[in-house]
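> I have a structure here, written as structure tokens, and I will follow up with some questions on it.
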Amino acid sequence: MSKYILEMKDVDFEYPDGTKALKGISMAIEKRRKIAVVGSNGAGKSTLFLHFNGILRPRRGKVFYKGEEIRYTRSFLTELRKNVGIVFQDPDTQLFAGSVFQEVSFGPMNLNLPLHEVKRRVEEALKSTGTEELKSKPTHFLSYGQKKRVSIADVLAMEPEVIIFDEPTAYLDPKHTEKLLEIFERLHEEGKQVILSTHDVDLAYSWADYVFVMKDGIVVGRGTPGEVFQNDGLLEEADLRRPLLLEVYAALRQKGFLSEKLPRNVNELIEGL
Amino acid sequence: MLIDNYAYTNKLRNVHPGEKLAFALITMAIGFIPNLYVHLVIIFIIAVVLVFKAGIPARVFCKLLFLPFSFLFIGILTIVINPITEGDKAVMAFKVFNASVGITQESLRAGGLLFFRTFALISCFYFLSLTTSVVDLMMVLKRFGVPAIFLELMHLIYRFLFVLMETAERIYISQCSRLGYSSLKTSFYSLGMLTSSLFTKAYRDAEMLHVALEARGYDGELNVLEGEYCVSIKNIFLIMVTETMLLLLALNTGGSFR
Ligand SMILES: Nc1ncnc2c1ncn2[C@@H]1O[C@H](COP(=O)(O)OP(=O)(O)OP(=O)(O)O)[C@@H](O)[C@H]1O
Ligand SMILES: [Mg+2]
């Protein structure tokens, strides 16, 4: 057994119009790590994710799931997609069904589960994303944030081993962002692998165990949040800013108010004072 | 005011869609009997059920009913006004070049009957579309053995209709707010842009949707869980009584217009 759940070796990808979206990406994602991928618009995050469950096929290079190379045959891909779920960046590309309930049931139905099991999973996914009241609403009458939550429920209901979230917190209000973080936490405790992309450096800093920084189709940096977000050269290169918490920490430290320990969230910062 | 809204919010939404479909279809079938009383009673019954049972505002139903009015009126005119010959008893006649055209008692009768029949059938149709969502309707059709491919097409077309509408609206608003329709010339230009980008966008959306469906294990069949409804004996009984009454009315008042 490989110690990596997902792995990529020298992956190149080019869109049909000639845009080189990935240029020689190599990355390995360790099991049970909370992974965040950060990078500016057009860095290639979404393109990268679509390689992880075989939707896009690299022009060059290889992708591995649990040490096994992905083969682009129907049966292999079906099996892979049962295990690796993606919540798309734009919920409109994902939602198709008339009602929310049907929408969420689509994935589990494809897993050939017994109907009562499908129902249980749908109910549970709706509950954890706070979309129960929207159950019988048609998907086209939802607000954007609601659509986003339904698209998350879509994939949760399939209970895959790896869940990839492309910009999960975009459009969400603070309350639902908080709820989503709870979902991530729970998934992590259940032993699932959570991978997300985000523009929110504060979120990436306080949530992730390991961070990949992308820029123009290349991984320009990687490491623990502490390493990545204190590397000003790297941040500048990738057009990112330092997390607010670290700014404050640096300022307070300069004035001699703080101890050595790097705070991961506001509470830890206050404790250190 | 989207009709579709009512299909999801009306008070009859939890009634078994099969019952609603049966009511609409049987009433429609009876509505084909050429009998003015039957037509009027059908319109009345549907109006009452929609307004008092389903809670659809009367204003909305009236507005919908008169939507096809002008179209219908022109259609009826061509039936009412006919070329007439010497022997006909015309109610009204006039000469166009060498032919004389006019309205006879029979044509008036036929036109009137058609007019009310159309309204009766349209109201049956409105009953279905105002109380039953496409999603529920498809479930019933599936039970009746309609091939899956048709139903899936229906499902996707339904969804894309809204995506298309939303996109068109968004593009339109964005064009308006940048003065895209301030003069005739820019209006034509903007409209052209809207149509062409709408279709390229729709095509792209369809492609993306396919990708997203595949990501969730799509294998050529859209399986979703059906809603749960209870069959109500009371409703079935009421439907049967209503339809029988309509049939009796049709038989007792004869098949013609007086
Ligand atoms: N379908 C496509 N056809 C052609 N080029 C594309 C397509 N999708 C993306 N690209 C291009 O590929 C590059 C990477 O795009 P990608 O969507 O992966 O970026 P991203 O990191 O997800 O950005 P964002 O943060 O804005 O979501 C961009 O330069 C983009 O213009
Ligand atoms: Mg993206």
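> Take B:Glu207 and tell me if it is touching a residue at least 24 places away in the same chain (Cβ under 8 Å), facing chain A (nearest Cβ under 10 Å) and closer than 30 Å to A:Lys135 by Cβ.
On the way: touching a residue at least 24 places away in the same chain (Cβ under 8 Å): no; facing chain A (nearest Cβ under 10 Å): yes; closer than 30 Å to A:Lys135 by Cβ: yes.
For B:Glu207, the condition - touching a residue at least 24 places away in the same chain (Cβ under 8 Å), facing chain A (nearest Cβ under 10 Å) and closer than 30 Å to A:Lys135 by Cβ - is not met.
> Restrict the check to segment A:243-251 and report whether at least one residue is under 30 Å from A:Gly24 (Cα atoms) and surrounded by 16 or more Cβ atoms within 10 Å (Cβ to Cβ).
Pass one, segment A:243-251, residues under 30 Å from A:Gly24 (Cα atoms): A:243.
Checking the rest, the ones that are also surrounded by 16 or more Cβ atoms within 10 Å (Cβ to Cβ) come to A:243.
For segment A:243-251, residues under 30 Å from A:Gly24 (Cα atoms) and surrounded by 16 or more Cβ atoms within 10 Å (Cβ to Cβ): present.
> Tell me the residue from A:Ile70, A:Ile35 that is buried (at least 16 other Cβ atoms within 10 Å of the Cβ) and in contact (Cβ under 8 Å) with a residue 40 or more places away in the chain, please.
On the way: A:Ile70 fails: in contact (Cβ under 8 Å) with a residue 40 or more places away in the chain.
From the options A:Ile70, A:Ile35, the qualifying one is A:Ile35.
> With the structure loaded, tell me whether A:Ile35 is more than 10 Å from chain B (Cβ to nearest Cβ), away from ligand 1 (no atom under 12 Å from the Cβ) and within 29 Å of A:Gly145 (Cα to Cα) or whether it fails that test.
Numbers: more than 10 Å from chain B (Cβ to nearest Cβ): yes; away from ligand 1 (no atom under 12 Å from the Cβ): yes; within 29 Å of A:Gly145 (Cα to Cα): yes.
Answer is yes for this residue.
> Residue by residue through segment A:171-186, note down the ones that are within 12 Å of the chain's Cα centre (by Cα) and within 16 Å of ligand 2 (Cβ to nearest atom).
Within segment A:171-186, none qualify.
> Out of (1) within 16 Å of ligand 1 (Cβ to nearest atom); (2) on the phi > 0 side of the Ramachandran plot; (3) at pLDDT 90 or above, the odd one out for A:Tyr171 is which?
(3)
> Looking at A:Lys175, A:Lys261, A:Lys179, can you tell me which residue is assigned by TED's automatic domain parsing to the domain that holds A:Ser40 and loosely packed, with under 14 Cβ neighbours inside 10 Å?
Values: A:Lys261 fails: assigned by TED's automatic domain parsing to the domain that holds A:Ser40; A:Lys179 fails: loosely packed, with under 14 Cβ neighbours inside 10 Å.
Criteria check complete, one pass: A:Lys175.
> Take the residues in segment A:43-71 that are away from chain B (no Cβ under 14 Å) and within 15 Å of ligand 1 (Cβ to nearest atom); name whichever of them is farthest from the chain's Cα centre (by Cα).
A:Arg59
> Determine whether segment B:85-100 contains at least one residue that is buried (at least 17 other Cβ atoms within 10 Å of the Cβ) and of a type in the set (A, V, I, L, M).
No: segment B:85-100 contains no residue that is buried (at least 17 other Cβ atoms within 10 Å of the Cβ) and of a type in the set (A, V, I, L, M).
> Just to be sure I understand, how many residues within segment A:197-217 are closer than 23 Å to A:Gly24 by Cβ and within 16 Å of ligand 2 (Cβ to nearest atom)?
The total comes to 7.
> Checking A:Arg32 against (1) under 22 Å from A:Val213 (Cβ atoms); (2) in contact with a Leu (Cβ under 8 Å, 6 or more places away or on another chain); (3) away from ligand 2 (no atom under 16 Å from the Cβ); (4) assigned to a loop (DSSP other than H, G, I, E, B): exactly one of these is not met. Which one?
Here A:Arg32 clears every test but (2).
> Kindly indicate whether B:Lys20 is in contact with a Phe, Trp or Tyr (Cβ under 8 Å, 6 or more places away or on another chain) and more than 14 Å from every other protein chain (Cβ to nearest Cβ).
On the way: in contact with a Phe, Trp or Tyr (Cβ under 8 Å, 6 or more places away or on another chain): yes; more than 14 Å from every other protein chain (Cβ to nearest Cβ): yes.
When the stated conditions are applied, B:Lys20 passes them.
> Could you say which residue among A:Tyr144, A:Tyr210 is of a type in the set (Phe, Trp, Tyr) and within 16 Å of ligand 1 (Cβ to nearest atom)? Reasoning before the result, please.
Details: A:Tyr210 fails: within 16 Å of ligand 1 (Cβ to nearest atom).
Being of a type in the set (Phe, Trp, Tyr) and within 16 Å of ligand 1 (Cβ to nearest atom) holds for just one of A:Tyr144, A:Tyr210, which is A:Tyr144.
> Please tell me if A:Val63 is within 30 Å of A:Glu236 (Cα to Cα), hydrophobic (A, V, I, L, M, F, W, C) and within 14 Å of ligand 2 (Cβ to nearest atom). Walk me through how you get there before you give the answer.
Numbers: within 30 Å of A:Glu236 (Cα to Cα): yes; hydrophobic (A, V, I, L, M, F, W, C): yes; within 14 Å of ligand 2 (Cβ to nearest atom): no.
Taking the combined requirement at face value, the residue does not satisfy it.
> In addition: I'd like the residue in segment B:145-181 that is in a helix (DSSP H, G or I) and of a type in the set (Lys, Arg) and, out of all such residues, is nearest to the other protein chains (Cβ to nearest Cβ). Give the steps one after another, and end with the answer.
Start the filter on segment B:145-181 by keeping residues that are in a helix (DSSP H, G or I), which leaves B:148-177.
Applying the additional criterion that residues be of a type in the set (Lys, Arg) yields B:159, B:170.
Working: B:Arg159: 5, B:Arg170: 11 Å.
Among those residues, the one meeting the criterion is B:Arg159.
> So which residues in segment A:136-160 are in a helix (DSSP H, G or I) and more than 9 Å from A:Val100 (Cβ to Cβ)? Before you say what the answer is, go through the steps one by one.
From segment A:136-160, those in a helix (DSSP H, G or I) are A:139-141, A:144-156; that's our starting set.
Scanning segment A:136-160 gives A:His140, A:Phe141, A:Tyr144, A:Gly145, A:Lys147, A:Lys148, A:Arg149, A:Ser151, A:Ile152, A:Asp154, A:Val155, A:Leu156.
> From the list A:Leu22, A:Leu6, A:Leu77, exactly one residue is assigned to a helix (DSSP H, G or I) and not basic (Lys, Arg). Which is it? Steps first, please.
Details: A:Leu22 fails: assigned to a helix (DSSP H, G or I); A:Leu6 fails: assigned to a helix (DSSP H, G or I).
Within the list A:Leu22, A:Leu6, A:Leu77, the selection yields A:Leu77.
> If we scan segment A:98-113, do we find a residue that is more than 15 Å from B:Tyr218 (Cβ to Cβ), more than 21 Å from the chain's Cα centre (by Cα), facing another protein chain (nearest Cβ under 8 Å) and assigned to a loop (DSSP other than H, G, I, E, B)?
Yes.
> Going through segment B:182-204 one residue at a time, which ones are in contact with a helix residue (DSSP H, G or I) (Cβ under 7 Å, 6 or more places away or on another chain), among the hydroxyl-bearing types (Ser, Thr, Tyr) and either within 14 Å of chain A (Cβ to nearest Cβ) or buried (at least 16 other Cβ atoms within 10 Å of the Cβ) (or both)?
Of segment B:182-204, the ones in contact with a helix residue (DSSP H, G or I) (Cβ under 7 Å, 6 or more places away or on another chain) are B:190, B:194, B:197-198, B:201-202.
From what is left, the residues that are among the hydroxyl-bearing types (Ser, Thr, Tyr) are B:190, B:197.
B:Ser190, the sole residue that qualifies.
> Of all helices (runs of 4 or more DSSP H) completely enclosed by segment A:161-273, which ones contain at least 3 residues that are without any contact (Cβ under 8 Å) to a residue 40 or more places away in the chain?
On the way: elements: A:174-189, A:201-207, A:225-229, A:232-237, A:244-254, A:266-272.
So the answer is A:174-189, A:225-229, A:232-237, A:244-254, A:266-272.
> May I pose another question? More than 20 Å from A:Ala208 (Cβ to Cβ) and among the acidic types (Asp, Glu), is that true of A:Asp154? Quick ask: steps written out before the conclusion?
Values: more than 20 Å from A:Ala208 (Cβ to Cβ): yes; among the acidic types (Asp, Glu): yes.
Judged against the criteria, A:Asp154 is a match.
The values are calculated or read from the model by the stated rules, or taken from the named source; none is laboratory data. Keep in mind that what you see is a predicted model, and the values were worked out from it rather than measured. Cβ atoms come from the backbone with ideal geometry, glycine included; neighbour counts cover every protein chain shown.
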